[in-house]
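Trainee: The following block contains the structure, expressed as structure tokens.
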Amino acid sequence: MKAPKTHAIYNPEYECMSRDAMTALQTERLRQVVRHEYDHVPIYRARMDAKGVRPEDIRTLDDLRHLPFTEKTDLRDQFPFGLFAVPKKDIVRIQGSSGTTGKPIVAGYTQHDVDVWAEMAARALTAAGCTAEDIVQVSYGYGLFTGGLGLHQGASLIGAMTVPMSSGNTQRQIMMLKELGATMLCCTPSYAIYIGETAREMGLDPHTDLKLKAGCFGAEPWTEEMRMRLEQLLDFDACDIYGLTEIAGPGVSFECLEKNGMHVNEDHVIPEIIDPVTEEPLPYGSSGELVFTTITKQGMPMLRYRTHDICRLDASPCACGRTTVRMGRITGRTDDMLIIRGVNVFPSQIESVLVSVKGAAPHYLLVVDREHSTDSLEVQVEIDESGFSDTVADLEHIRNEIKDKIKSVVGISAKITLVNPHTIPRSEGKAKRVIDKRKLV
């Protein structure tokens with residue numbers, strides 16, 4: 001039951017602002033936040049001084065290039081309060097995420113920051129068709145992770161009935177979807193596919209037994225083919241949403257029902273694309289690393305935060321009426337990119353191959369190892385249960401098709417291991433796609 005392609009806009013004053021007006025607004029807010037950071041955050045003041053940059057030197061958006069970058073390592077090094085730009089008494093919310101080295105990162109939000117984030121999430125839900133008449137089941141995790149609370153506060157701001165399910169207990173999730181008549185679902189795309197698969201295994205027909213019309217899915221990269229699979233499973237519109245703890249959680253950018261890129265909330269954040277090697281800004285349409293500068297955040301503003309996500313920016317008009325710049329899908333990350341035998345490999349490339357092969361399911365695991373000083377790649381992929389065949393000839397055909405397509409798309413040979421349905425562990429949060437054994441030796 002896909003939503004009719006209408007284009008409600010939560011805050012047209014800003015979402016439909018002319019480019020000249022947006023540039024003027026961003027410039028003024030940028031100048032204010034740079035001054036605030038320089039005066040209140042020692043690490044920014046020291047880095048600007050080292051570059052010979054003063055707040056008064058930032059006069060236009062082009063001057064962004066003169067500001068220092070911020071990295072996730074800075075949040076770990078300054079843990080817990082070193083990047084706060086206001087007194088701790090003004091912080092009303094802490095959000096965070098676990099760190100790869102065991103030390104977490106945390107972000108402090110003032111009440112103003114929480115209110116801004118709530119509106120950004122409300123804009124995203126509205127773009128996906130959510131109104132005060134809807135029932136929104138939030139199946140992201142709650143807690144320090146921004147997903148659950150972010151979409152919850154956005155749905156509440158719209159006035160929708162909000163079901164704070166969090167993640168886990170999938171059969172109960174489905175029972176609540178059915179009995180409450182939820183019309184919107186919010187969770188990771190991989191978990192949404194699992195919900196859809198489980199619902200069908202339970203004998204439910206989403207077209208007749210559920211009332212879902214759309215959903216917002218993010219927190220992990222996913223492909224257009226994965227969207228098609230999800231929409232087929234649950235018979236609704238699946239919209240992409242983007243956010244990160246360091247900036248504002250889900251709602252930093254979002255798709256409308258045109259599904260042609262994620263609208264960036266440019267009145268609150270300035271996006272850039274840079275060459276990840278030279279660190280030089282790239283023009284719209286170029287693929288590179290996404291960088292954000294927050295221009296309304298008070299508690300812990302970020303200057304030129306390197307997300308390490310790879311995408312493009314598109315400033316062309318959108319049929320929905322919004323004028324904000326759009327992000328393309330995240331195609332990989334500069335810091336989880338695999339280099340195998342000298343070839344750059346992103347998990348999303350492998351996923352795009354697998355979802356194009358009849359008989360293969362979108363559940364996979366990449367195992368990278370090193371044997372006799374040579375890198376090896378094994379792709380473990382589940383057989384699609386709906387078209388399951390255990391004949392040797394059929395399995396060999398699927399295996400060879402995957403192998404050939406990976407060689408064509410990625411440029412390397414891989415060992416293909418087909419496994420039975422439900423063999424690869426499911427995740428209720430971000431799916432674990434890679435095991436790199438090279439890091440263990």
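Trainee: For Glu56, what charge total do you get from the other residues with a beta carbon under 12 Å from its beta carbon, if Lys and Arg give +1 and Asp and Glu give -1?
Mentor: Neighbour charge sum, excluding Glu56 itself: +2.
Trainee: Taking the alpha-carbon distance from Lys437 and a cut-off under 18 Å, which lysines remain once sequence neighbours fewer than 8 residues away in the same chain are dropped?
Mentor: Straight-line reach from Lys437, under 18 Å: Lys415.
Trainee: A follow-up question, please. Arrange the residues Phe81, Phe145 by how much accessible surface each exposes, largest first, with a 1.4 angstrom probe.
Mentor: Greatest to least solvent exposure: Phe81, Phe145.
Trainee: Separation of the stretch 273-310 and the stretch 239-255 by C-alpha centroid, Å?
Mentor: What the calculation gives is 14 Å, centre to centre.
Trainee: At each listed q (0.16, 0.17, 0.18 Å⁻¹), what is the log10 of I(q)/I(0) that the Debye formula gives for the stretch 1-66 modelled as equal alpha-carbon point scatterers?
Mentor: -0.65, -0.69, -0.73
Trainee: Here's a follow-up. Can you work out the accessible area per residue across the chain, with the rest of the protein chains kept in place, probe 1.4 Å, in square angstrom?
Mentor: Dividing the accessible area of the chain by its residue count gives 42 Å².
Trainee: Only Lys, Arg, Asp and Glu count, each charged at its Cβ (+1, +1, -1, -1), so figure out the dipole size of the chain about its Cα centre, rounded to 20 debye.
Mentor: 720 debye
Trainee: For the stretch 9-151, report the % of Cα-Cα distances exceeding 22 Å.
Mentor: For the stretch 9-151, the share of Cα pairs beyond 22 Å comes to 55 percent.
Trainee: Hey, another quick one. How much of the accessible area of the stretch 340-436, in percent, comes from carbon and sulfur atoms when a 1.4 Å probe is used?
Mentor: 50 percent
Trainee: Of Ile274, Ile94, Ile135, which has the most accessible area and how do the rest follow, probe 1.4 Å?
Mentor: Largest to smallest exposure gives the sequence Ile94, Ile135, Ile274.
Trainee: May I ask you to give the percent of accessible area on the stretch 141-262 that is carbon plus sulfur, with a probe radius of 1.4 Å?
Mentor: Summing carbon and sulfur atoms, their accessible area is 52 percent of the total for the stretch 141-262.
Trainee: Here is a further query. Angle between the Cα long axis of helix 170-180 and the longest principal axis of the chain, 0 to 90 degrees, nearest 10?
Mentor: In the chain, helix 170-180 runs at an angle near 70 degrees to the longest axis.
Trainee: Compute the helix-to-body angle for 392-409: its Cα long axis versus the longest principal axis of the chain, expressed 0 to 90° and rounded to tens.
Mentor: 30 degrees
Trainee: What are the radius of gyration and Dmax of the stretch 340-436, computed over its Cα atoms and given in Å?
Mentor: Rg, Dmax (Cα atoms, Å): 13.2, 40.
Trainee: Using a 10 Å Cβ count of at most 10 others and DSSP loop calls, identify the longest part of the chain lacking such trypsin sites (Lys or Arg not before Pro).
Mentor: Here the longest run is 60-357.
Trainee: Using semi-axes √(5λ) of the Cα gyration tensor in Å as the read-out, say which of [x] 57, 31, 19; [y] 33, 26, 19; [z] 36, 28, 20 was calculated from these coordinates.
Mentor: Read-out from the structure maps to [z].
The values are calculated or read from the model by the stated rules, or taken from the named source; none is laboratory data. Computed from a predicted structure; not experimentally measured. In this analysis, Cβ positions are derived from the backbone assuming ideal geometry, glycine residues included, and neighbour counts consider all displayed protein chains. For the accessible areas, the whole protein counts, side chains as well, though only heavy atoms, and no ligand, DNA or RNA atoms are used. Shrake-Rupley method; radii C 1.70, N 1.55, O 1.52, S 1.80 Å.
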